[in-house]
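Below is one structure, written out as structure tokens; comments come after it.
The values are calculated or read from the model by the stated rules, or taken from the named source; none is laboratory data. From a predicted model like this one, the values you see are computed outputs, not experimental measurements. Cβ coordinates were reconstructed from backbone atoms using ideal geometry, including for glycine residues, and neighbour counts include every protein chain displayed. Remember, those area values only see protein heavy atoms, side chains included, never the ligands or the DNA or RNA. Shrake-Rupley method; radii C 1.70, N 1.55, O 1.52, S 1.80 Å.
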Amino acid sequence: MIEKIEELLVEVNGFTATSKEEIENFRIKYNGKKGVLNDFFEKFKEVPNDQKKEFGQKINTLKQAVAVKLEDLKNASASSVVVEKEDLTRPAFPLELGSRHPINLVKNRIIEIFKSIGFAVADGPEIEDDWHNFTALNLPEYHPARDMQDTFFIEQNPDILLRTHTSSVQTRYMEENQPPIRILSPGRVFRNEAISSRSHCIFHQIEGLYIDENVSFADLKQTIQFFTTELFGKSKIRMRPSFFPFTEPSAEIDVYWGLNSETDYRITKGTGWLEIMGCGMVDPAVLKNVNIDAEKYSGYAFGMGIERITMLLYQMSDIRMFFENDIRTLEQFKTL
């Protein structure tokens, strides 16, 4: 039997396989319940005592050789599997294309228009102090804007609040820069207002400021005229007298929207005219507050709500749509 084991050992060491079936048949032949190894272990008790040691060693050698061969065959089989080449540039899964938010689309367009006539963009903090948000802009202590019903105060003594307009950016800029000044200040502002289809406690403004020698109201009107023509394609505007603490004289700007559709009648209340911004000549008191010589320099300022203009341009009826992030709304701006 020892000679038989040695013959099988040679067979095992020289065995090769080209398929998983051949490997499985080899395993069954040697390691199966009725396989060669179990048969030899059964016959072990019939071996004379003086031969048991040598016989046992031969069986173990064969057993180890079978185990090594099976492991080699399995590894060879795994490495021989042909891996299909993939296109590594292909996306792993369909990717949805995003889009710019409509507020950003309109804001960027407004900035682009004013940059073409020399305006730069200035930025400032959304959490402001009383001086930059109110006092420097000629808003007295008794002004209703300082009431908790209109302003989100974070703390008092000193008063810290969420800015109610981006005019605070202008006061900070004027404190640090001398004329000529020609800036835009876009950004979020906060007011304690009831949320409805026409108003929100958070909205966006973009304000402009131009200060230099001999700046006149005519310069302001021509700038607004250029802007409305570029943005709306409508050049007919009117200026109605108004009041703002930080400008004198002050005016509201209306653009003639027309009465070409039912929507035009609704948004203009049947007049054809639509208010889009407020403006005016910078009050000399504001210039003095920021250490600019009011005798030498003059300037104008204007401000508009980006949401309102966006609603006009895209005929959106509810301001809350800008903040709900409904994918059905935002998907409409993919191509813009």
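Observations, loosely collected:
- Extension reserve of the Lys221-Glu275 stretch, reckoned as 0.36 nm per residue once the Cα distance is removed: 18.0 nm
- Taken along the Cα-to-beta-carbon direction at a fixed 7 Å, the label points for Val68 and Ile117 span 9.1 nm.
- Here the Gaussian network model covers the chain, with springs between Cα atoms less than 10 Å apart; of Val215, Val47, Val121, Val47 fluctuates the most.
- If the convex hull is drawn through the Cα atoms of the range 206-258, its volume per residue in Å³: 97
- For Lys52, the lysines whose Cα falls under 29 Å of its own Cα, not counting residues fewer than eight places away in the same chain, are Lys4, Lys29, Lys33, Lys34, Lys43, Lys63, Lys69.
- Candidates Ser197, Ser19, Ser261, ranked by Gaussian network fluctuation over the chain, Cα under 10 Å, top entry: Ser19
- Accessible area per residue for the chain, computed on protein heavy atoms with a 1.4 Å probe, is 59 Å².
- Modelled FRET efficiency - R0 51 Å, Glu295 with Arg100, Cβ distances, 0.05 increments: 0.70
- When the square roots of the Cα gyration tensor eigenvalues are ordered a ≥ b ≥ c, the ratio a/c for the range 42-154 is 1.5 or more and a/b exceeds b/c, which makes its shape prolate.
- Antiparallel bridges, percent of DSSP beta bridges restricted to the chain (to nearest 5): 95
- Largest GNM mean-square fluctuation across Glu213, Glu295, Glu71, computed for the chain with C-alpha springs under 10 Å, falls on Glu71.
- Centroid-to-centroid, using Cα positions, the range 280-336 and the range 229-255 are 13 Å apart.
- Ratio of Rg to Rh for the chain: 1.56 [Cα atoms; Kirkwood radius as inverse mean 1/r over pairs].
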